[in-house]
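Here is the structure we will look at, set down as structure tokens.
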Amino acid sequence: MEHVFDSKAAPGRRAVLSPMVPEIFRVEKYRKETLDTYTLELKPASGTGEHRFGAGQFNMLYKFGVGEAAISISGDPTSPNPLIHTIRAVGTATKAMAKLKVGDTIGVRGPFGSCWPVEAAKGNDVLIIAGGIGLAPLRPVIYQVLAERRKYGKVFLLYGTRTPEDMLYRAELEKWRARFDMEVHVTVDRASSEWHGNVGVVTTLLKKLVLDPDNTVAMICGPEIMMRFVAMDLIKKEMTLDRIYVSMERNMKCGIGLCGHCQYGPTFICKDGPVYTYDQVIELLARREI
Amino acid sequence: METLEPILAEHPFFKGMPPELLKLLVGCASNVKFEAGDFISREGQEASEFFIIRQGKVALELFSPTHGAITVETLEDGDVTGWSWLLPPYRSHFDARAVDLTRAIRFDGKCMRAKLEEDHNLGYEMLKRFVRIIAERLSATRIQLLDIYGTRV
Ligand SMILES: Cc1cc2nc3c(=O)[nH]c(=O)nc-3n(C[C@H](O)[C@H](O)[C@H](O)COP(=O)(O)OP(=O)(O)OC[C@H]3O[C@@H](n4cnc5c(N)ncnc54)[C@H](O)[C@@H]3O)c2cc1C
Ligand code: FES
């Protein structure tokens, strides 16, 4: 398949601002998704400007006085205002951001990085596989595909989390599952007997899926081990590496390919990634020192 | 009289099984149905049977006095319950409970062991199928053990 990304970097206000200078945004809405994950809806403090982005791109969010973190944009690319980020509180910056309140300000640099092949996938079946917080960077794909649903073949969403309580976007998942033109399967690693859904790792969902390997584009985002196992199962189902896309994660600093912090083999994840075809990363994934 | 042979032949577990071998198993098989909530087997009890699921959902559970029943895996159409019937001391390791109305084919463990012992071609065909399932579940269990969503791995 042709390697076509939707865009390398969506054109936007960054054409005029330096990519190292954060623009100030204000928290419009704060929603707690799970025990450790929350969603911020942001609007420019200046009240003007739009923040166009491609599905899969990320911003560097700056909690003033604390630090920056790379966070994918989880909103709708066809309706990019407000700017939406879903964040898991794991360390210094992300825990500090969890304490933001409506009206507080935050610095935003971006959007940066490559996109999911949503345009290139037109005419194909689309298989979206997410693990944990990995649904956030893939939600823009779902919005974009559903906005032009007739241009795609079958659409599958497979989502795995640790427990039912860790599931993101529950109301939306239920809405998507109720559609006749999308197949949604959810599984958790463990649950109490109250849970009526599937229990088992996300690869178990793949087992029964009947795929047309030559006409399917797979987009995977989640912990690296999960992505490796999922990709392996897709290869067993005769999908070629150039039809499998993954989103990679490494620590970032500049976000624009200058500092080398996010170097991944011969590439920089902030500039050449985070979205890669599997043939671009398969050898790197097997190397321990990277 | 209608036999279970065509139903077995269609089940994914028996895919590729030579018909003459499949015939040998029919005598050990019977059609069963479980209502939602029914226990299919209980941990520690004799594993005198196994089931191939035709339709429905079954939870494999472990009971903990502090956490109650914890589901470790769910099985659905096309899946097989387990292999405790094949290995001494023939005791179930989990509770298996129907989550939804479940239709299955029950295989009698003693009958099956005798057949597999008698005809090693049949024994090999069955073992190949169970080894694949054991390998798949082992791999899934390893990923579960890593708790990949919980910490950075
Ligand atoms: C391209 C890209 C997109 C991303 N998109 C998102 C997103 O949409 N939402 C989101 O929540 N995160 C996302 N991340 C991850 C996010 O950037 C990190 O979690 C964040 O930088 C951590 O910063 P911190 O200052 O809070 O943690 P630090 O203080 O830097 O780390 C503190 C501790 O947390 C651990 N830690 C750091 N990152 C993670 C992690 N990801 N998971 C578990 N433990 C971790 C560290 O090992 C350390 O022990 C993305 C990363 C990249 C590269
Ligand atoms: S973060 Fe600086 S080069 Fe990628």
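Across peptide A:191-197, the average count of Cβ atoms from other chains found within 10 Å of a residue's Cβ is 6. A viscosity of 0.890 mPa s and a temperature of 25 °C, combined with the Kirkwood radius over C-alpha pairs in the Stokes-Einstein formula, give the protein assembly as shown a diffusion coefficient of 103 µm²/s. Counting protein heavy atoms only, the protein assembly as shown has 54 percent of its accessible area on carbon and sulfur, 1.4 angstrom probe. Taking Cα atoms only, the orientation of helix B:109-118 departs from the longest principal axis of chain B by about 50 degrees.
Of all DSSP bridge pairs formed entirely within chain A, close to 60 percent run antiparallel. Our estimate of slack between A:Lys236 and A:Asp104, defined as 0.36 nm per intervening residue step minus the Cα-Cα distance, is 42.6 nm.
With every protein chain in place and a 1.4 angstrom probe, the accessible-area ranking of A:Leu138, A:Leu211, largest first, reads A:Leu211, A:Leu138.
Between B:Ile70 and A:Ser46, the C-beta separation translates, for a Förster distance of 60 Å, into a calculated FRET efficiency of about 0.70. The aspartates and glutamates whose alpha-carbon is closer than 16 Å to the alpha-carbon of A:Lys99, local same-chain residues fewer than 8 away aside, are A:Glu28, A:Glu33, A:Asp36, A:Glu41, A:Glu68. How far is helix B:120-146 tilted, in degrees, relative to the longest principal axis of the Cα atoms in chain B, given as a value from 0 to 90 rounded to the nearest 10? Taking Cα atoms only, the helix is inclined about 10 degrees. Computed over chain A, relative contact order equals 18 percent, with contacts defined as Cα pairs under 8 Å that lie 6+ residues apart. Between A:Glu183 and B:Arg132, the simple spin-label model (points 7 angstrom out along Cα→Cβ) gives 1.9 nm. Between A:Val66 and B:Ser48, the distance separating the two model label sites (each 7 Å from Cα on the Cα→Cβ line) works out to 6.1 nm.
On the basis of the beta-carbon distance and an R0 of 25 Å, B:Thr141 and A:Glu174 show a calculated FRET efficiency of 0.30. Our summary gives chain B a relative contact order of 28 percent, counting only alpha carbon pairs under 8 angstrom and 6 or more residues apart. Strictly greater than 23 Å: what percent of every Cα pair in the range B:30-153 meets that? Every Cα pair in the range B:30-153 considered, those over 23 Å come to 35 percent. The label-point distance for A:Ser192 and B:Leu101, in a model that sets each label 7 Å from Cα toward Cβ, rounds to 2.8 nm. Computed from the C-beta positions of B:Leu24 and A:Ile225 and an R0 of 45 Å, the FRET efficiency is 0.60 to the nearest 0.05. Near B:Phe34, once Lys and Arg are set to +1 and Asp and Glu to -1 for all other residues with Cβ below 12 Å from its Cβ, the sum equals +3. Stretched out straight at 0.36 nm per residue, the stretch from A:Arg287 to A:Ile24 would grow longer than its current Cα-Cα span by 90.7 nm.
The values are calculated or read from the model by the stated rules, or taken from the named source; none is laboratory data. Note that the structure is a prediction, hence the values are computed from the model and not measured. Note: ideal-geometry Cβ built from the backbone for every residue, glycine included; neighbour counts use all protein chains shown. Remember, those area values only see protein heavy atoms, side chains included, never the ligands or the DNA or RNA. Shrake-Rupley method; radii C 1.70, N 1.55, O 1.52, S 1.80 Å.
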